[in-house]
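Each reported figure results from applying straightforward, stated rules to the coordinates on display, with no laboratory input. The structure presented is a predicted model; accordingly, all values stated were derived computationally and were not measured. Don't worry about glycine lacking a Cβ; one is built from the backbone with ideal geometry, like all the others, and counts go over all protein chains shown.
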Amino acid sequence: MPDEVVDEAAEAGLPLEAPEEPSLEILRHSAAHLLAAAVTQLFPGAQYDVGPPIEDGFFYNFRLPDGRHFSDEDLAALQARTAELAAQHIPFTREVMPRDDARALFAGMGQDFKVDIIDRLGESVDAVGVYRTGDFVDLCRGPHVPDSGWLQAVKLLRVAGVYWRGDERNEQLQRVYGTAWFSEQDLDAYLERLAEAERRDHRRLGRELQLFDFDATAPGMPYWLPNGVIVLNELLAFWRDEHQRRGYQEIMSPLINEKRLWEISGHWDHYRTEMFVMPVDEQTAYGVKPMNCPNAMVVYNMRRHSYRELPLRLSDCDILHRFERSGTLHGLLRARKFQQDDAHIFVTEEQIEAEYDRIFEITHRFYSLFDLRYAFRLGTRPDDFIGDVETWDRAEAALLRILERHAGAGGFGVDAGEGAFYGPKIDIMMEDAIGRSWQMGTIQLDFQLPRRFGCTYVDTDGAERTPAVIHRVIYGSLERFVGVLIEHFAGHLPLWLAPVQCELVPVQDDAPEVMAYIESLQQRLNAAGLRAVVNDHHGERMQARVRDAELRKVPYVVVVGRRDVERGDDVVRVRDTRHGAQVDLAVDSLAAQLIDEVRARRPS
RNA sequence: GCCGACGUAGCUCAGUGGUAGAGCAGCGGUUUCGUAAACCGCUGGCCGGGAGUUCGAAUCUCCCCGUCGGCUCCA
């Protein structure tokens, strides 16, 4: 995503008119200028590239003298200097300058990036905007706040190395990220929002709730703990049920295949750097599968097929491994080991659109269950593609039509060049707790792999034809999906997914009649298919056990004591931890209510 | 992989050149209590790993591993 290229277009050109009231975007753009002014003061000779406003803040990219890098101490010093400049109420002044004059100005200051930006401007641009803040001069269209006194609620957040113009083949520049608001209160509210996001972080909650963990010997490869396996199994059971009734047939296949398979599929040439490869002797190497598709082709080819069988829907939930670069790993959201809820559907070309409709139906069924916000994105032909352009164009046109029908024109984004190497795709995108966007489900159209593997079916006229294949996942990866769910629900999973659905707490754990009753209660709930456990942690008071259940985000907690047993009416007090409510319920009603909630898979 | 930061008990963290600490968790005991933390005691550490500097290193330097935030890449 070379968004810097876009930003440059916004930076250079004739100045824009300032509105009556500066917007947050203007404020942040001005904050970026002030930061750059501080950098040029503290690091004489620093060259500045682009510094746009972004969501919640701004950044600015620099090349520091002598190849220096920003450290955290530098960040603190820049924060202090920026604050000083803000306190001085330095005006932002704008002027329009002939292009050649501006070029000479920036060339004279040794600002190579600005000269470069000017040189890459279109022919028609003959004048550009130049803004000054004290001694600091920038090529910019503005608009800006009147003076730096507006920039009191600015906080520099972090430093990062970034590739010039977003391309890793280029040199790495030094970027400073910051946030800016109209008031200290707004700034504090924003920082509090970040803190809240941190509390929802699935990596923290995953450990606290004992869902999964990691070990240093398997970076990026989650260990699923007993609680987490319950969540996974519930998601998969639901998935299998929904797919069986829609005509999917599940297969399982080897996790490793000889290199030859990956050569046929094209992964050896196009995906090898992301594969775990294991040499077994001088001649032979095995590749651990990063995708299920090649083995789905192998299964398809294990017998001959008739046109009557199509669409043939082979599903597959095997575990995949991808050798993701170390710096990209992020808990469950970016892992090296994950399980996809995969399927490969062999179709004739005429069947493609109808099959996509069916897949969209499944998608809505699943995503609406969780009250999740999601968006579609079309990924088109990448530079590194296999096959021919005409086939790609045809496939992309089909997906575009389908998307327009399901999401409406403009109801989806298009990411040029982001398709898989074998075909274009429709992705389902979701955001995590701090607003980062992740690809979840994906529906990919592929004319290449069936051809490479020689997949055929016998058509009505007896001729052998090659089917197309739709690769599709709904959850995406189970790991990523669970990660997003945890953050979405802040750990309070829907009842049907909760590892413990109901916790039973005795008031007096030394009273045999109480313990006998509570154990019978557990048996009744378990027999009804509910996951109920007794918390009789010895030596703790009832209050401590309730707190413990709260912290583990158990949806329902039932406290039972002598008074209940003596009353003998089978009514218990139920604590609903997600809604902070308590209610007296007959045990039968409690069971019925929970079963109903599980069956409906209500999100909360 | 690149830039920055971090790594001390199961967890959260203090300790910045001179004998490794706290809270929580765990274990033992006392307590049996009515909806978010009872009390007392006890365990628990190659201070991520390796090399170096130093009389002496958790602390300083270098290399490696892992983690976190970006970049790039992606389910």
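At a glance:
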{"quantity": "Selection from A:VAL115, A:GLY561, A:ALA216, by position along the positive dipole direction of chain A (Cβ)", "calculated": "A:GLY561"}
{"quantity": "Among A:GLY410, A:TRP268, A:ASN227 - extreme Cα towards positive end, dipole of chain A, charges at beta-carbon", "calculated": "A:ASN227"}
{"quantity": "Cut-off 11 Å between beta-carbons: net charge of the residues surrounding A:ALA37, Lys and Arg +1, Asp and Glu -1", "calculated": "-1"}
{"quantity": "Rounded to the nearest 20 debye, dipole of chain A from Cβ charges on Lys, Arg, Asp, Glu", "calculated": "1420 debye"}
{"quantity": "Helix-only CD estimate at 222 nm, as mean residue ellipticity for chain A, using -39500 (n - 2.57) per DSSP H run (n ≥ 4)", "calculated": "-11500 deg cm²/dmol"}
{"quantity": "Angle between chain A longest axis and helix A:389-407 axis [Cα atoms, degrees, rounded to 10]", "calculated": "70 degrees"}
{"quantity": "Selection of trypsin sites (Lys or Arg not before Pro), segment A:15-103, meeting DSSP coil and at most 16 other Cβ within 10 Å", "calculated": "A:ARG68"}
{"quantity": "Gain on full stretching of the segment that runs from A:ARG272 to A:ASP569 - 0.36 nm per residue minus C-alpha separation", "calculated": "100.3 nm"}
{"quantity": "Whether chain A is rounded, prolate or oblate, judged on the alpha carbon gyration tensor where a/c under 1.5 counts as rounded", "calculated": "oblate"}
{"quantity": "In nm, spacing of pseudo-spin labels at A:ALA160 and A:ASP383 (7 Å Cα→C-beta vector)", "calculated": "2.1 nm"}
{"quantity": "Neighbour-limited loop hits for trypsin sites (Lys or Arg not before Pro), segment A:197-278 (at most 12 other Cβ within 10 Å; DSSP other than H, G, I, E, B)", "calculated": "A:ARG245"}
{"quantity": "Label-to-label distance, nm, for residues given as A:SER253 and A:ALA218 (7 Å Cα→Cβ offset)", "calculated": "2.3 nm"}
{"quantity": "Efficiency of FRET between A:SER23 and A:HIS89 - r from beta-carbon atoms, R0 25 angstrom, step 0.05", "calculated": "0.80"}
{"quantity": "Loop trypsin sites (Lys or Arg not before Pro), segment A:284-350 (other Cβ atoms within 10 Å of the site Cβ: 16 or fewer; DSSP)", "calculated": "A:ARG303, A:ARG304, A:ARG325"}
{"quantity": "Global form of segment A:502-600, assessed from the alpha-carbon gyration tensor, a/c cut-off 1.5", "calculated": "oblate"}
{"quantity": "Extension gain (nm, one decimal) between A:ASP100 and A:ARG541, 0.36 nm per residue minus Cα-Cα", "calculated": "150.8 nm"}
{"quantity": "Segment A:8-199 - charge dipole about Cα centre, Lys and Arg +1 at Cβ, Asp and Glu -1, debye rounded to 20", "calculated": "320 debye"}
{"quantity": "Relative contact order for chain A, counting Cα pairs under 8 Å that sit 6 or more residues apart, in percent", "calculated": "10 percent"}
{"quantity": "Segment A:51-95 residues near the modelled A:GLU431 label - backbone nitrogen below 20 Å, point 7 Å along Cα→Cβ", "calculated": "A:52-59"}
{"quantity": "Degrees, to the nearest 10: A:72-87 long Cα axis against longest axis of chain A", "calculated": "60 degrees"}
{"quantity": "Potential extension, A:ARG169-A:ASN301 segment - 0.36 nm per residue separation minus Cα distance", "calculated": "43.4 nm"}
